[in-house]
Amino acid sequence: MKINGHKPTAPATRLPKCPTGIQGLDEITGGGLPRGRPTLICGGAGCGKTLLAAEFLVRGAVQFDEPGVLMAFEETEKELTANVAALGFDLAGLVRRKKIVVDYVHIERSEVQASGEYDLEGLFVRLGHAIDSIGAKRVVLDTLEVLFASLPNEAILRSELRRLFRWLKEKGVTAVITAERGRESLTRHGLEEYVSDCVIVLDHRVNDQIATRYLRVVKYRGALHGTNEFPFLIGDTGLSVLPITSLALNHKVTNERIATGIPRLDAMLGGRGFFRGSSILLTGTAGTGKTIISSNFANAAARRGERVLFFSFEESPNQIIRNMHSIGLRLEPLVKRSLLKFHSARPSLCGLEMHLATMFKEIAAFQPHVVIVDPVTSLMELGAAPEGKGMVTRLIDYLKAGQTTSLFTSLTHGGHVLQQSEGGMSSLMDSWILLQDFEGNGERNRVLYVLKARGMKHSNQIREFLISDHGIDVVDAYIGASGVLTGSARVAQGDLEKAAVLSSQQEAAQLEREVERKRKALERQISDLRSDYEGEALELRRIAEQVGTRTLLLGTERAASGILRQADAKVTARTRVRSS
Amino acid sequence: MKTKTLKRPPAKLWQLRLYVMDQTAKSVIALANLKKFCETHLKGRYRITVIDLMKQPHLAKSDQILAIPTVVRKLPKPVRTIIGTLSDTGHLLVGLDLRAAV
């Protein structure tokens, strides 16, 4: 059997889909809107109904070669052209090239008087003529419900609308009908009764003064679809829906490791740094050096020739560059060489989704190897907790799919709740480095440790890190009975140890001197004794000589006197010989 | 009232357009009703143009036609629009702004 990489072909019974080309919407609907059927899009004012419908038409004409008819009941062609131009769509150009027909239906209640029965054949003719003139495959009826306000006799109108939708189906066009949201029903005039194939509801809610748009596929007959509410936003390239839940854990992984820019930190991470494509969380309270470590990481990556995208939600690019310069990191040349790109924005500038979409866009445009988000927490504070987490999940997933290494810093305030929420986020992260403050001895010192590093041997030690003019230095912290010693306490401990060594060295030297002195004394004593002995021996010899001479003399004298007295000479002579 | 209207210069020609779709029942009724009405109220100073959108569909867009049948009073100004089979003469009078003129 031949295996190919394509998706298995859909069974014949499956509904044919009409791709909208709108980022994310096709993912949620599993390929687009039901082809050849009408879809109802309802929502309150300012939800983006018209823009969604217009984008569906424009993308159809541009991307899928499906010409479309836009029948507008509320806005004139000029207004529509101007409105969608903000999304980068050239409606006028498409109209000129006969890809799109815009028909503005103007109907003023005060100018119209009814007398007797009527039907909407005129509308049918207009629409039919427009469709046939360009061979349209897509039709948008933007706020058809205006008719209820401008035409009398609702009963006729309803039956005519029912006929209209049937007619649209017969025509085989994929239609999008927009409608105002009603108080109790989906639409103000119950259009959902007629359009029952696909209903999409748009909503616009304000949380904490930040407005967010949501999209939900309420109904999609004959197809699986995501039923959740998805945030979407209107950017300068159109709509994008963020399907947070359509994530899959199936990204490729690599064994390649990348250095952190801090050799000692690399050493703590099994000697070789982070995995490429992994997600790293850097947690710490204010002023623990998160941005500095991030910048070091960015610097190291950029100097390796990789592209780094730095999202900063606290500082402006120039501020970061200046601040990092003070610790010896020169980021400016990297920015000039387009290896490092900053993107700074105030978190409160716009909603979470807008930020996320901007980030996606920047990432797609810059194609970075490393992405840094500093700090991710200020973004997460914008939305409700699960929303923020969903956003990070989505971002991580997106980055991992592209084997982009991501580093998120997280600002903590050291409370219990926040640690919990971080635990929630940490499960998404491959490596987690914690930065902490140690207070004591009237000073504050920074320590760092690796809390988690998936798939690599890592140090369990707490290290102190110092920020100096030359950058970051990670040093061993002293661990004693009173806990971890850092800063001056560590220095003091070092000094103490040095002093101890010094004193013992001094002691040894003294001892050595003493021994030497003793040896010298001993030698002196020995030489004294020897000279004593030698003197005595000399004396002894002298005495012996004297004795010998005296004996000889005595003998001689005796012999002489013996001769004189004729004594026994033999005996005395023998005695003299023996004594000598 | 009548003396007043007679003193005025002769009323301008009424130009009426009737938009229909083919020869449907509603279209036929509307045309008959309109003719009868004009004969009664505007005798000698009206002209009815019947436009079949089946034959000239592009006119639906340019003349802003939605409902069928539709009568548009082109002249005298301002333009007036009446939709329906014109069976309700009272509404037609109001719609064509004829009450004052008659």
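The values are calculated or read from the model by the stated rules, or taken from the named source; none is laboratory data. Keep in mind that this is a model prediction, so the values were computed, not measured. Backbone-built Cβ (ideal geometry, glycine too); neighbour counts: all protein chains shown. Areas reflect the complete protein model, heavy atoms only, side chains present, ligands, DNA and RNA absent. Shrake-Rupley method; radii C 1.70, N 1.55, O 1.52, S 1.80 Å.
The selection criterion, being crowded, with 21+ Cβ neighbours inside 10 Å and either of a type in the set (D, E, K, R) or part of a helix (DSSP H, G or I) (or both), does not hold for A:VAL176. For region B:30-74, the set of residues classified as closer than 15 Å to B:LYS12 by Cβ and surrounded by 14 or more Cβ atoms within 10 Å (Cβ to Cβ) consists of B:CYS38, B:HIS41, B:LEU42, B:TYR46, B:ARG73, B:LYS74, listed by residue number. Only residues that are within 7 Å of chain A (Cβ to nearest Cβ), small (Gly, Ala, Ser) and not in a helix (DSSP H, G or I) were counted across region B:61-102, and they come to 3.
When region A:157-171 is examined, which residues are found to be open to solvent by less than 40 Å² (accessible area, probe 1.4 Å) and out of contact with any strand residue (DSSP E or B) (no Cβ under 7 Å at 6 or more places or on another chain)? Scanning region A:157-171 gives A:LEU157, A:LEU161, A:LEU164.
Residue check: is A:PHE64 among the aromatic types (Phe, Trp, Tyr), touching a strand residue (DSSP E or B) at 6+ places or on another chain (Cβ under 7 Å) and at pLDDT 90 or above? Judged against the criteria, A:PHE64 is not a match. Residue count for region B:61-85 satisfying the condition of being touching a helix residue (DSSP H, G or I) at 6+ places or on another chain (Cβ under 9 Å), without any contact (Cβ under 8 Å) to a residue 24 or more places away in the chain and of a type outside the set (S, T, N, Q): 8. On the basis of being modelled with pLDDT under 90, of a type outside the set (Asp, Glu) and in contact with a helix residue (DSSP H, G or I) (Cβ under 8 Å, 6 or more places away or on another chain), does A:ALA114 make the cut? Considered against the rule, which asks whether it is modelled with pLDDT under 90, of a type outside the set (Asp, Glu) and in contact with a helix residue (DSSP H, G or I) (Cβ under 8 Å, 6 or more places away or on another chain), A:ALA114 comes out as yes. Scanning region A:101-157 for residues that are acidic (Asp, Glu), in a loop (DSSP other than H, G, I, E, B) and closer than 27 Å to A:LEU91 by Cβ yields A:GLU108, A:GLU145. Listed conditions (1) open to solvent by 30 Å² or more (accessible area, probe 1.4 Å); (2) modelled with pLDDT of 85 or more are all met by A:ARG14, apart from (2). Restricting attention to region A:52-100, the residues that are assigned to a helix (DSSP H, G or I) and of a type in the set (Lys, Arg) total 3. Taking region A:103-158, which residues are of a type in the set (D, E, K, R), farther than 24 Å from B:MET54 by Cβ, within 9 Å of chain B (Cβ to nearest Cβ) and touching a Pro at 6+ places or on another chain (Cβ under 9 Å)? Answer for region A:103-158, where residues must be of a type in the set (D, E, K, R), farther than 24 Å from B:MET54 by Cβ, within 9 Å of chain B (Cβ to nearest Cβ) and touching a Pro at 6+ places or on another chain (Cβ under 9 Å): just A:GLU111.
Among the residues of region A:276-290, which ones are small (Gly, Ala, Ser) and in a loop (DSSP other than H, G, I, E, B)? Within region A:276-290, A:GLY277, A:SER278, A:ALA286, A:GLY287, A:GLY289 qualify.
Of the residues A:GLY305, A:GLY273, the single one that is open to solvent by 20 Å² or more (accessible area, probe 1.4 Å), over 16 Å from A:VAL373 (Cβ atoms) and either within 19 Å of the chain's Cα centre (by Cα) or not basic (Lys, Arg) (or both) is A:GLY305.
Taken across region B:28-40, residues that are over 21 Å from A:ILE156 (Cα atoms), touching a helix residue (DSSP H, G or I) at 6+ places or on another chain (Cβ under 7 Å) and modelled with pLDDT of 85 or more do occur, with at least one present. The criterion of at least 2 residues that are more than 21 Å from A:ASP236 (Cα to Cα) is met by the following helices (runs of 4 or more DSSP H) wholly inside region A:291-373: A:317-325, A:332-336.
Before we move on, is A:GLY287 surrounded by fewer than 24 Cβ atoms within 10 Å (Cβ to Cβ), in contact (Cβ under 8 Å) with a residue 40 or more places away in the chain and over 18 Å from A:THR377 (Cα atoms)? Taking the combined requirement at face value, the residue does not satisfy it. Residue pairs whose Cβ atoms lie under 9 Å apart, sitting 6 or more positions apart in sequence or on different chains, and linking a residue in region B:47-60 that is within 11 Å of chain A (Cβ to nearest Cβ) to a partner that is of a type in the set (Lys, Arg), are B:ILE51/B:ARG17; B:LEU53/A:ARG126; B:PRO57/A:ARG126; B:HIS58/A:ARG126; B:ALA60/A:ARG126.
Exactly one residue out of A:THR237, A:THR227 is at pLDDT below 80 and in contact with a Gly (Cβ under 6 Å, 6 or more places away or on another chain): that is A:THR237. Of the residues making up region A:458-471, none is open to solvent by 80 Å² or more (accessible area, probe 1.4 Å), touching an Asp or Glu at 6+ places or on another chain (Cβ under 7 Å) and assigned by TED's automatic domain parsing to the domain that holds A:ALA300. A:PHE232 meets all of the listed conditions (1) part of a helix (DSSP H, G or I); (2) crowded, with 22+ Cβ neighbours inside 10 Å but one, namely (1). On the stretch given as region B:30-46, residues that are facing chain A (nearest Cβ under 8 Å) and among the hydrophobic types (A, V, I, L, M, F, W, C) total 1.
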